[in-house]
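Notes follow the structure.
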RNA sequence: GGAGGGGUACCCGAGUGGCCAAAGGGAGCAGACUGUAAAUCUGCCGGCGCAGCCUACGGAGGUUCGAAUCCUCCCCCCUCCA
């Protein structure tokens, strides 16, 4: 093993495609001089983070890997206000209880990517300092530093000035600026990162720090990541790809990544894995169906990062059993832990449901079964699916929509494998 | 508060008494072609064992043999005036 080359976090982020805007290029020099405390805010607006939050999460992980100290800030306080940036309508304001519950879930998930062990990353909740704020004091100490004229000029508000912006949302920028100042003062945080829609809020924080402390702080924003098709990251036909394994199984998660558009593979390997850049460049040079190897690696690594190695291997085995093995040359992307040759067939990662043996002794119409396991939303849909030739049992195409599925379909593994179309599998465990 | 415009399926959007389960587009699903990619082409796209029935055009009533379409009241959104 050769020694790890000295890397600059800024360069890492830059070459991997994380940087859209920087408030001041000096940040590169400052990062080179020593460990820096940096922070990114996460809104606890849902019970889980999703793939769309992966860019900031990976950025924090890179910071940690390069010897810096990341702060993940849960916006428990600001979520009570609602950030108007980049939104055309007012966001639903969450209740205190919802925010608290979501903040807890968020904490658990972030710890898959970042180590909060002693001396590592820090997880803070801005409710801790925002809630005790006193309105009059806040206006006198913080509010006086803000120019309404300048705030109105901010891109994040301009759009909303047309549709309407109410006072509570208008204050969001002050609170986020206050967060940055608070973290600067109490945690020595010099750098805030965030999505490009956060630019105005980040700059406001830097200004506030300059005014109160007379010191310089920095900001980096990430590009908005969309797929080659122009869709948002992590949003699919079937819904959001969550990071919580209970909401999106590791198998679905793996499948999401393995279905990446050709044009996105190299970019996604840079953003969503830790594999070295030279290996990624090599993978990106592949053409046509060869790119599928790179997609497997992407899927495996992305799944490994959020769900762990075991889950990733199980998802890989399920993919290999249903879609066939693609042997990988050991010399191809050697840093990846992806299995490279045949392992035992294993479908355990495929979503499943337990059904009683009697059901199949009696026999059940295929379309009914497809609807019952939720492969189809209604019986009508299941019926159409099968009539159009998209229904399979154990990889045999069903001809009649009401074909009886019986005990003879149960495999020696005690399962029935249903398939919808080319790639949606469902496993019935017969007990 | 006054005047006007509007609320149609997942989204956009046509329809202004029967031919409307509602044009067209997008999204989605399936099939063909492929590489678990994209593009393209074809079919499907409210529910129900489906030549029939049920539910649906903001909500509640009403007129009519028949209403998304006409009338009344209510709710919501937008524009202009105050």
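Readers should treat all values here as calculations from the given coordinates under stated rules, not as data from a laboratory. This one's a predicted model, so the numbers in the text were calculated from it and none came from an experiment. Positions of Cβ are backbone-derived with ideal geometry, glycine not excepted, and every protein chain shown enters the neighbour counts.
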Over chain A, the sum of -39500 (n - 2.57) across DSSP H runs of at least four, divided by residue number and rounded to 500 deg cm²/dmol, gives at 222 nm -12500 deg cm²/dmol
For chain A, longest principal axis from Cα atoms; helix A:172-187 axis from its Cα atoms; angle between them, nearest 10 degrees, is 80
By how many degrees, 0 to 90 and rounded to 10, does the Cα axis of helix A:199-213 deviate from the longest principal axis of chain A? 30
Compute log10 of I(q)/I(0) for segment A:352-429 with the Debye formula, placing one identical point scatterer on every Cα and leaving out solvent, at q = 0.25 Å⁻¹, to two decimals. -1.25
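Roughly what % of DSSP beta bridges within segment A:158-298 run antiparallel, to the nearest 5?
On the way: 3 of 8 bridges.
Here the share of antiparallel DSSP bridges comes out near 40 percent.
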Segment A:352-429: relative contact order as a whole-number percent, Cα under 8 Å and 6+ apart: 36
Label model pair residue A:424, residue A:65: point-to-point distance (7 angstrom along the Cα→beta-carbon line) in nm is 3.5
Compactness of chain A, expressed as Rg and Dmax over alpha-carbon positions, Å: 25.0, 79
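Over segment A:161-293, calculate the relative contact order: mean separation of alpha carbon pairs under 8 Å at least 6 apart, over the residue count, as a percent.
That works out to 16 percent.
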Can you give the angle from 0 to 90° between the axis of helix A:54-65 and the longest principal axis of chain A, with both taken from C-alpha atoms, to the nearest 10? 70
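Which peptide among A:341-349, A:52-60 comes first, and what is the full order, when sorted by highest mean count of other Cβ atoms within 10 Å?
Values: A:341-349: 14.0, A:52-60: 22.1.
Peptide ranking by packing, descending: A:52-60, A:341-349.
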Could you sort the peptides A:256-267, A:282-293 by per-residue average Cβ neighbour count (10 Å cutoff), highest mean leading? A:256-267, A:282-293
Chain A: antiparallel bridges as % of DSSP beta bridges, rounded to 5, reads 45
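Give the whole-number value, in cubic angstrom per residue, of the convex hull volume spanned by the C-alpha atoms of segment A:113-256. Don't skip to the answer; put the middle values down first.
Values: hull volume 25.2 nm³, N = 144.
Once divided by residue count, the hull of segment A:113-256 is 175 Å³.
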Remind me, relative contact order of chain A in percent, using alpha carbon pairs under 8 angstrom and six or more residues apart? 13
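Given the alpha-carbon gyration tensor of segment A:9-222, what are the semi-axes of its equivalent ellipsoid in whole angstrom, ordered largest first, with each equal to the square root of 5 times an eigenvalue?
Working: eigenvalues 124, 84, 59 Å².
Working from the Cα gyration tensor, I get semi-axes of 25, 20, 17 Å.
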Sort A:355-362, A:403-410 for me by packing, meaning the mean count of neighbouring Cβ atoms within 10 Å per residue, highest on top. A:403-410, A:355-362
